[in-house]
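Working notes, structure below.
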Amino acid sequence: MVPLNTCRRGSKVRVVTLCEDPRCRCRLCALGLTPGVEAEVSQGGDCCRINVRGGEICLGEGLAGRVMVTPV
């Protein structure tokens, strides 16, 4: 498992765990980022942009660092 913000552009990943804060986790789930979902990283680093469930979301480096993923 690696943090989402360390993944490179074009990587396909599967979400394993979300951050521990209930409010953060709820917000991520509302955006479609749930454990088990596959996503593609379209931009990594400071601003992590990912394609998930037919949409695109952008997470700041701090939040993306607390989302753990595995490569697909």
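Somewhere in the stretch 4-15, is a residue of a type in the set (Ser, Thr, Tyr) and touching a helix residue (DSSP H, G or I) at 6+ places or on another chain (Cβ under 8 Å)?
No - not one qualifying residue is present in the stretch 4-15.
Results for (1) at positive phi; (2) surrounded by 18 or more Cβ atoms within 10 Å (Cβ to Cβ); (3) not hydrophobic (A, V, I, L, M, F, W, C), shown as yes or no for each residue.
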{"residue": "Gly10", "(1), (2), (3)": "yes, no, yes"}
{"residue": "Arg14", "(1), (2), (3)": "no, no, yes"}
{"residue": "Thr17", "(1), (2), (3)": "no, no, yes"}
{"residue": "Asp21", "(1), (2), (3)": "no, no, yes"}
{"residue": "Glu40", "(1), (2), (3)": "no, no, yes"}
{"residue": "Gly54", "(1), (2), (3)": "yes, no, yes"}
{"residue": "Leu59", "(1), (2), (3)": "no, yes, no"}
{"residue": "Ala64", "(1), (2), (3)": "no, yes, no"}
{"residue": "Val67", "(1), (2), (3)": "no, yes, no"}
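Before we move on, is Val41 under 14 Å from Arg66 (Cα atoms), among the hydrophobic types (A, V, I, L, M, F, W, C), in a strand (DSSP E or B) and modelled with pLDDT of 95 or more?
No: the conditions fail for Val41.
Can you tell me which of (1) at pLDDT below 95; (2) among the charged types (D, E, K, R); (3) in a strand (DSSP E or B) is the one Arg27 doesn't meet?
Arg27 satisfies all of (1) at pLDDT below 95; (2) among the charged types (D, E, K, R); (3) in a strand (DSSP E or B) except (3).
If a residue must be at pLDDT 95 or above and touching a helix residue (DSSP H, G or I) at 6+ places or on another chain (Cβ under 8 Å), how many such residues does the stretch 44-58 contain?
Of the residues in the stretch 44-58, 1 are at pLDDT 95 or above and touching a helix residue (DSSP H, G or I) at 6+ places or on another chain (Cβ under 8 Å).
Give the residues of the stretch 1-24 that are assigned to a loop (DSSP other than H, G, I, E, B) and more than 18 Å from Thr70 (Cβ to Cβ), sorted by residue number.
Across the stretch 1-24, the qualifying residues are Glu20, Asp21.
Just need a number here: residues in the stretch 49-72 that are out of contact with any Cys (no Cβ under 7 Å at 6 or more places or on another chain), closer than 18 Å to Met1 by Cα and in a strand (DSSP E or B).
4
The values are calculated or read from the model by the stated rules, or taken from the named source; none is laboratory data. Since this is a predicted model, take the numbers as computed values, not measurements. Heads up, the Cβs are rebuilt from the backbone with ideal geometry, glycines too, and the neighbour counts pull from every protein chain shown.
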